[in-house]
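Before any comments, here is the structure.
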Amino acid sequence: SRFREMVKVLTKYKAANKASTPFIGGMRVDGSFIVMELRKALHLIVMGGTGSGKGISHYQRLLAMLYNTPPQKLSVMILDYKGEFAGVFNKTRIPHIMSKQNEPLLAIRDHEKTLSSLVAINNVMVKRLKLIADSGKGDIYGYDPSAKEYIVLIPELTRLLDKTHKTKPQIKTITEIE
């Protein structure tokens, strides 16, 4: 299956390159996968029409990455208005998914919870930026090579922006950090 191929490619890449968090960034015309490093590719936008497979693409990429990365090294926050990911992740209880008080925070559809979740991840980023600035290092990995990585997955960013204007500052901060 395509998923098994993705896992094999990521496993080989990780072993050959000592990569901390590789992920499938895309696919070439010949069908081979494009492997990228999470720490080098800070932002990823997947665009396409309705029914083109964007959700399945996100799902497969994320699962393949989680399969190859321990939860101590990677956390994921999913802000999912359509509920595409909720069914799968609610059943699997994957330990990488960020939570509060050990409760799963898998599919956030409520605007206030979305805002508080964005504030929480924004606070992590601001804290890291201060540590980097105070240390004089160029990035978080220069400061702490074993730093945990975070993914914020927002399948419907336009819906999030349309529903509430309170989230715009947090999204702006998250998407501009380099």
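The values are calculated or read from the model by the stated rules, or taken from the named source; none is laboratory data. Note that the structure is a prediction, hence the values are computed from the model and not measured. All Cβ positions, glycine included, derive from the backbone under ideal geometry; neighbour counts span all protein chains shown. Just so you know, the surface numbers come from the protein's heavy atoms only, side chains and all, with ligands and any DNA or RNA stripped out. Shrake-Rupley method; radii C 1.70, N 1.55, O 1.52, S 1.80 Å.
Note on region 53-87: residues that are open to solvent by 10 Å² or more (accessible area, probe 1.4 Å), at pLDDT below 80 and outside any helix (DSSP H, G or I) amount to 5. Look at region 1-28: where a residue is closer than 22 Å to Ile45 by Cβ and in contact (Cβ under 8 Å) with a residue 60 or more places away in the chain, no partner that is of a type in the set (S, T, N, Q) and open to solvent by 80 Å² or more (accessible area, probe 1.4 Å) sits 6+ places away or on another chain with Cβ atoms under 8 Å. Spot the failing condition for Ser32; the list is (1) closer than 26 Å to Tyr141 by Cα; (2) at pLDDT 80 or above, and only one is missed. The failed condition is (1).
Close Cβ contacts (under 7 Å, 6 or more residues apart or on different chains) running from residues in region 110-126 that are assigned to a helix (DSSP H, G or I) to residues that are surrounded by 13 or more Cβ atoms within 10 Å (Cβ to Cβ) and modelled with pLDDT of 75 or more comprise Thr114/Leu79; Ser117/Met77; Ser117/Leu79; Ile121/Met77; Ile121/Tyr150; Ile121/Val152; Val124/Tyr150. Scanning region 22-34 for residues that are crowded, with 18+ Cβ neighbours inside 10 Å and closer than 15 Å to Arg4 by Cβ yields Ile24, Phe33. For region 127-138, the tally of residues that are modelled with pLDDT under 85 and exposed (fewer than 13 other Cβ atoms within 10 Å of the Cβ) stands at 1.
Let's see how each residue does on (1) at pLDDT 85 or above; (2) under 19 Å from Pro70 (Cβ atoms); (3) over 15 Å from the mean Cα position of the chain (by Cα); (4) surrounded by 14 or more Cβ atoms within 10 Å (Cβ to Cβ):
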| site | (1), (2), (3), (4) |
| --- | --- |
| Thr11 | yes, yes, yes, yes |
| Ser20 | no, yes, no, yes |
| Met36 | yes, no, no, yes |
| His43 | no, no, no, no |
| Gly49 | no, no, yes, no |
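Only a single criterion out of (1) modelled with pLDDT under 70; (2) in contact with a Ser or Thr (Cβ under 9 Å, 6 or more places away or on another chain) is not satisfied by Leu118, namely (1).
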